[in-house]
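To keep things clear, I will list the structure first and then write my remarks on it.
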Amino acid sequence: MTFSGSQLTAFEAPLLGVNIDHVATVRNARGGRFPDPVAAALLAVEAGADIITFHLREDRRHIRDEDVQRLKAHVRVPLNFEAAVTDEMLDIIERTAPEHVCLVPERREEVTTEGGLEVAGQLSRLTEACARLSAKGSRVSLFIGADPVQIEAAARAGAPCVELHTGALANAWWDGDQTALQHELARLKEGLRFARSLGLRTHAGHGLALSTNLPIDDPHLRLDTVSSTALVAALPDVAELHIGHALIGQSMFVGMRQAIADFKAEAIRARR
Ligand code: PXP
């Protein structure tokens with residue numbers, strides 16, 4: 001299933017890591033068991049997801065410990081376990097032994113992962129974490145900005161992969177800010193190129209969306225706007241994309257007709 005960055009060609013699509021966190025967000029809004037993120041992961045795999053990505057946050061706001069165990073038991077494509085570099089998380093990752101790990105920064109008060117990891121400033125801690133998780137057989141990726149200092153530090157820490165944060169690019173896309181978008185795209189391309197030159201496998205993700213995800217009265221974007229997903233997927237150095245929020249949001253729109261038909265049919269059958 002996995003292949004090295006050096007085998008990538010411009011004609012191979014990046015692998016898609018489907019992040020299921022927000023299925024759990026909806027479940028947790030009611031405190032019950034539905035919708036089940038593990039059932040969503042199985043459907044995602046059936047639909048073509050190459051990797052199932054999830055983030056176990058310190059505050060367990062979406063994915064919970066029991067979800068991790070059930071994902072491990074049921075999912076048959078590589079799991080990509082995103083977590084902060086804390087002793088608690090490193091212990092859980094070791095016990096879970098996922099195929100892939102992505103170490104991310106985490107601030108309790110943030111809505112989502114706002115920036116990349118500060119690798120250069122905590123090189124010995126990250127070197128230790130990479131060695132510890134690699135020894136357990138997990139492939140480690142560091143989630144960083146497209147910053148040469150952090151990319152070089154990631155290589156020195158011994159991580160075989162980096163995931164470059166596309167949040168600023170995605171925000172520029174939503175805002176229709178062409179200058180910022182072109183700037184972020186150039187920065188991403190340069191970061192990918194530099195990381196690959198150091199022998200790193202390169203991934204990208206955060207905030208990526210489709211042009212069909214537009215709010216109906218959006219002043220900047222149109223259906224024929226090239227999507228932020230396409231802008232990043234087109235870059236040949238991107239071996240994997242990790243997408244969550246907009247993909248789960250899109251599922252509501254492409255799935256809503258069927259869901260309404262199912263509930264209507266149920267109500268009709270109940271009266272027969
Ligand atoms: N990659 C990483 C490392 C992340 O932390 C996240 C968010 O959990 C994503 C990708 C996906 O971001 P989004 O949910 O905005 O698509």
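The values are calculated or read from the model by the stated rules, or taken from the named source; none is laboratory data. Computed from a predicted structure; not experimentally measured. Because the Cβ atoms are built from the backbone with ideal geometry, glycine has one as well, and the counts that use them run over all protein chains shown.
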Residues of segment 58-77 being within 16 Å of the ligand (Cβ to nearest atom) and surrounded by fewer than 20 Cβ atoms within 10 Å (Cβ to Cβ), which ones? E58, D59, R60, R61, R64
Give me a count of the residues in segment 189-237 that are among the β-branched types (V, I, T) and closer than 23 Å to I51 by Cα. 3
Return the residue satisfying two criteria in turn: it lies in segment 138-168 and is over 23 Å from A209 (Cβ atoms) and under 18 Å from the mean Cα position of the chain (by Cα), and of such residues it is surrounded by the most Cβ atoms within 10 Å (Cβ to Cβ). L142
Of residues in segment 7-30 being surrounded by fewer than 17 Cβ atoms within 10 Å (Cβ to Cβ) and modelled with pLDDT under 95, the one nearest to the chain's Cα centre (by Cα): A13
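Residues checked against (1) closer than 18 Å to K189 by Cβ; (2) surrounded by 11 or more Cβ atoms within 10 Å (Cβ to Cβ):
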{"position": "L214", "(1), (2)": "no, yes"}
{"position": "S227", "(1), (2)": "yes, yes"}
{"position": "L231", "(1), (2)": "yes, yes"}
{"position": "V238", "(1), (2)": "yes, yes"}
{"position": "I243", "(1), (2)": "no, yes"}
{"position": "L247", "(1), (2)": "no, yes"}
{"position": "R257", "(1), (2)": "no, no"}
{"position": "R272", "(1), (2)": "no, no"}
If you check T113 against the conditions, is it away from the ligand (no atom under 16 Å from the Cβ) and among the β-branched types (V, I, T)? no
Just the residues that are among the polar types (S, T, N, Q) and either over 18 Å from V18 (Cα atoms) or surrounded by fewer than 20 Cβ atoms within 10 Å (Cβ to Cβ) (or both), please, taken from segment 169-211. N171, Q178, T179, Q182, S197, S211
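Condition check ((1) under 23 Å from H245 (Cβ atoms); (2) free of Cβ contacts under 8 Å to residues at least 40 places away in the same chain) across all residues:
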| position | (1), (2) |
| --- | --- |
| R108 | yes, no |
| V111 | yes, yes |
| E118 | no, yes |
| L126 | no, no |
| R132 | no, no |
| G137 | no, no |
| S141 | yes, no |
| A153 | no, yes |
| R156 | no, yes |
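Of all helices (runs of 4 or more DSSP H) completely enclosed by segment 96-193, which ones contain at least 2 residues that are under 25 Å from L235 (Cα atoms)?
148-157, 167-175
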Looking only at residues in segment 184-197 that are out of contact with any Lys or Arg (no Cβ under 9 Å at 6 or more places or on another chain) and of a type in the set (A, V, I, L, M, F, W, C), which one is farthest from the ligand (Cβ to nearest atom)? A186
When you go through (1) part of a loop (DSSP other than H, G, I, E, B); (2) buried (at least 19 other Cβ atoms within 10 Å of the Cβ) one by one for G48, which number turns out not to apply? (2)
Between a residue in segment 236-263 that is in contact (Cβ under 8 Å) with a residue 60 or more places away in the chain and more than 16 Å from the ligand (Cβ to nearest atom) and any residue that is β-branched (V, I, T) and not in a loop (DSSP other than H, G, I, E, B), which pairs come within a Cβ distance under 7 Å, given they are 6 or more apart or on different chains? D237/T202
